[in-house]
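Inspection log for the structure reproduced underneath, given as structure tokens.
Throughout, read-outs are computed from the coordinates displayed, never taken from laboratory work. Here the structure is a predicted model, which means the values were calculated and not measured. We place every Cβ from the backbone using ideal geometry, glycine too, and count neighbours over all the protein chains shown.
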């Protein structure tokens, strides 16, 4: 019976340590600002996943939603810098 318990725990542990590496953000002005603010709450993978859908207005709405609805602790003065980075490097083409 102990071998089944060990096997079950090993499977659970391997799933917990599965590769959940984040997408590396593109280099550019305010990259660190985006990484430090956005990655606090979610994976930066969301940035790349949304890049095919969001233009400047979309990124503005998304960042403002994170601040106003989700209560992300982002300094209001940083919002335009974050939006600029997201639009420049991950804006819908």
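General remarks:
- Summarising the label geometry, the points placed 7 Å from Cα in the beta-carbon direction at residue 52 and residue 31 lie 2.4 nm from one another.
- Inter-label distance for residue 45 and residue 68, nm, one decimal - labels placed 7 Å from Cα along Cα-to-Cβ: 3.0
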